[in-house]
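The values are calculated or read from the model by the stated rules, or taken from the named source; none is laboratory data. Predicted model only: the values in this text are computed from it and were never measured. Cβ coordinates were reconstructed from backbone atoms using ideal geometry, including for glycine residues, and neighbour counts include every protein chain displayed. Each accessible area value is taken on the protein alone, full model and side chains, heavy atoms only, with ligands, DNA and RNA left out. Shrake-Rupley method; radii C 1.70, N 1.55, O 1.52, S 1.80 Å.
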Amino acid sequence: MQTEKVRLLIIGSGPAGYTAAIYASRANLNPVLYAGLQPGGQLTTTTEVENFPGYPQGVDGNQLMEDLRQQAERFGADLRQGVATQADLSERPFKITIDGSKVIEAETLIIATGAAAKYLGLEDEKKYAGMGVSACATCDGFFYRKKTVAVVGGGDTACEEATYLAGLAAKVYLIVRKPFLRASKIMQERVMNHPKIEVLFEHNAEGLYGDNGVEGVHLVHRRGEADERHYDLPIDGFFLAIGHKPSSDIFKDYVQTDEAGYIVTEGNSPRTNVPGVFAAGDVADPHYRQAITAAGSGCKAAIEAERFLLNNTSNG
Ligand code: NDP
């Protein structure tokens, strides 16, 4: 198989990956970045980004990612298309297989592969993508001011998103499949006591309807097999909050992950348990998952990689 040696390999092209590439190329580390399955990452699936500092009028998600890409390119980062399909991090240089056909031997590695929001798997989620279906209340909630929305899920994320949306929307339904919430007590209380939030226990969404974007959700209220009631609920926005799946599978044999698959890093740093391997952005962040926090951790990871290369000379 074809091999290539690099000082720093960055995997992922969201805000974390591109910010790492900007810093690393300015530090003359000649970083090579592989963009992954979804070049530009999760922000390319949203419309307007209004909370990234520096854009007082907001910025289109695709435009923001294109700006970051060009900024990394300007300083000489080697940006490539390709997906990391296998990893051997047992010793340095680390060996990363790209598209099953080429091996990159990297002195240092920044994993910025992100996380993907989970969806229910309904056809209508795709049909209404960007037209009333969202997996990020912080990104899209603003568009539902004084409107009616539904949030699916019963964990901390769902409760947090429902509470956030209740600050903007006129009414929030929380669609929970079980007869109870899984979220922490304090989040449960916040949701149950909020005058604008109505929790629909033992409910499942079966589909969406609407001619111009989402106008309602087909629901089923199920209390045992014999007791099923199907009905339609008018809503303007449908938010998924049933968890995220971090894209860490190929690294799990080497770097420590938590039970959900998030890469565990040391304290407030991007250092993993493997010296020379750093994790930045959503793949290592179960809590904040914001573009700006991802960008910040990408910066930290590049600085850590530079320090590591200075202190470790093997082939360096
Ligand atoms: P969780 O896995 O905790 O919860 C997912 C929720 O979605 C559950 O209620 C689950 O239902 C529901 N769900 C999953 N699949 C489906 C489906 N197909 N149909 C309907 N409902 C479904 O994920 P979270 O993202 O909420 O939280 C992840 C982690 O992050 C947790 O550890 C959480 O505590 C933490 N977190 C902490 C926060 C904080 O401290 N402020 C904020 C946000 C997250 P069921 O219960 O039936 O399985």
Of those in segment 124-144 that are part of a loop (DSSP other than H, G, I, E, B) and closer than 17 Å to A205 by Cβ, the residue most open to solvent (accessible area, probe 1.4 Å) is M131
request  = Considering every residue within segment 18-34, establish whether at least one is modelled with pLDDT of 95 or more, open to solvent by less than 70 Å² (accessible area, probe 1.4 Å) and within 30 Å of G132 (Cβ to Cβ).
outcome  = yes
ask   = Do we find that Y288 is more than 21 Å from P93 (Cβ to Cβ), open to solvent by 10 Å² or more (accessible area, probe 1.4 Å) and part of a loop (DSSP other than H, G, I, E, B) in this structure?
value = yes
Restricting segment 221-247 to residues that are modelled with pLDDT under 95 and acidic (D, E), the one most open to solvent (accessible area, probe 1.4 Å) turns out to be E225
Of (1) closer than 28 Å to V133 by Cα; (2) away from the ligand (no atom under 16 Å from the Cβ); (3) assigned to a strand (DSSP E or B), F239 fails just (2)
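Consider A115 carefully, then state whether it is modelled with pLDDT under 95, under 21 Å from D285 (Cα atoms) and not polar (S, T, N, Q).
On the way: modelled with pLDDT under 95: yes; under 21 Å from D285 (Cα atoms): yes; not polar (S, T, N, Q): yes.
Yes; evaluated as a whole, the condition is true for this residue.
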Within segment 248-261, of all residues that are touching a residue at least 40 places away in the same chain (Cβ under 8 Å) and open to solvent by less than 60 Å² (accessible area, probe 1.4 Å), the one nearest to the ligand (Cβ to nearest atom) is S248
The residue that is surrounded by the fewest Cβ atoms within 10 Å (Cβ to Cβ), considering only those in segment 62-119 that are farther than 23 Å from G261 by Cα, among the basic types (K, R) and more than 22 Å from the chain's Cα centre (by Cα), is R74
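For segment 30-47, name all the residues that are assigned to a strand (DSSP E or B) and touching a residue at least 60 places away in the same chain (Cβ under 8 Å).
Answer for segment 30-47, where residues must be assigned to a strand (DSSP E or B) and touching a residue at least 60 places away in the same chain (Cβ under 8 Å): V32, Y34.
Working only within segment 145-156, note down all residues that are open to solvent by 30 Å² or more (accessible area, probe 1.4 Å) and at pLDDT 95 or above. Reasoning before the result, please.
Start the filter on segment 145-156 by keeping residues that are open to solvent by 30 Å² or more (accessible area, probe 1.4 Å), which leaves 145-148, 156.
R145, K146, K147, T148 - these are the residues of segment 145-156 that are open to solvent by 30 Å² or more (accessible area, probe 1.4 Å) and at pLDDT 95 or above.
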Problem set entry | Verdict on A150 being over 24 Å from R222 (Cα atoms), within 15 Å of the ligand (Cβ to nearest atom), in a strand (DSSP E or B) and out of contact with any Pro (no Cβ under 6 Å at 6 or more places or on another chain) | no
Does at least one position in segment 108-123 carry a residue that is out of contact with any helix residue (DSSP H, G or I) (no Cβ under 7 Å at 6 or more places or on another chain), of a type outside the set (K, R), within 16 Å of the ligand (Cβ to nearest atom) and at positive phi?
-> yes
